[in-house]
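Presented below is the structure to which this report refers.
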Amino acid sequence: PHNFSTSIFYPEILQAEPEDVLLQPLSLSVWFSGAVPRHLVHSNIPIEITVSLNEKYTLFTVPVIEIASQRSREPHPHPSNKSVVSDQYDSRSMSDDTPISFLPLLATFDHLDSFHWAELSGTIQSWLVALEDTMTPEWTWGRDTFWYAFVAANPDFPGGKWVFWNPRIPLEGQFIEEWV
């Protein structure tokens, strides 16, 4: 017998063209409760992940799964433990190992496509506002990286049309200050 876990997600959408929208990426974390007895493991344990999309959308888009393994000797915290989740980016835990969820860029990233840049700037913005301590080098680097991606998505900024960004990200840094 197999154990299955199923969830339905509704990704955020981003206006791409007047008549089109882009489904925003979902970050998915899978962990396993309990430990497998060593004598049962003779090689890698296969895990199957399936993403399905309603058939009426499959003419326009396809889901792409990208997997990165996280190695840890510690058991993964259960998400119902609120203190662990809320302290995920606590400044005391920041280090050179701060996970940067948007790197490396997807192989399908097209640096000539402003919609890819818009998607990237949105992802960077989410990562950045999750960091609580704005005095860390990681936050400053993230802020500058956000502005590079934002301007690549909105090259007419501050003129033309552009989406509003989270007000927790100030219009600061050498690049953006020189740009505006």
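The values are calculated or read from the model by the stated rules, or taken from the named source; none is laboratory data. Computed from a prediction, not measured in an experiment: that's the story for all the values here. Here the Cβ is made from the backbone with ideal geometry for all residues, glycine too, and neighbour counts use every protein chain on show. Note: areas computed on protein heavy atoms with side chains; ligands, DNA, RNA excluded. Shrake-Rupley method; radii C 1.70, N 1.55, O 1.52, S 1.80 Å.
About the Cα centre of region 103-174, what is the dipole size in debye to 20, counting +1 per Lys and Arg Cβ and -1 per Asp and Glu Cβ, all else neutral?
Roughly 160 debye for region 103-174.
Output the relative contact order of region 95-167, whole-number percent, from Cα pairs under 8 angstrom with separation of 6+ residues.
34
Given all pairs of different Cα atoms, what value in angstroms does the Kirkwood hydrodynamic radius of region 93-180 take?
The answer is 13.6 Å.
Provide the per residue accessible area, probe 1.4 Å, for region 105-180, rounded to a whole number of square angstrom.
On a per-residue basis, 59 Å².
Quick check: pseudo-label points 7 Å beyond the Cα along Cα→Cβ at residue 178 and residue 6, how many nm apart are they?
5.5
Please list, by residue number, everything in region 2-34 whose backbone N is under 15 Å from a paramagnetic label point 7 Å out along Cα→Cβ of residue 47.
3-7, 27-34
Can you figure out the FRET efficiency of residue 161 with residue 62, using R₀ = 45 Å and their beta-carbon distance, to the nearest 0.05?
0.95
Might you work out the accessible area of residue 101 for me, using a 1.4 Å probe with all protein chains in place, and round it to the nearest 10 Å²?
About 80 Å², ignoring ligands and nucleic acids.
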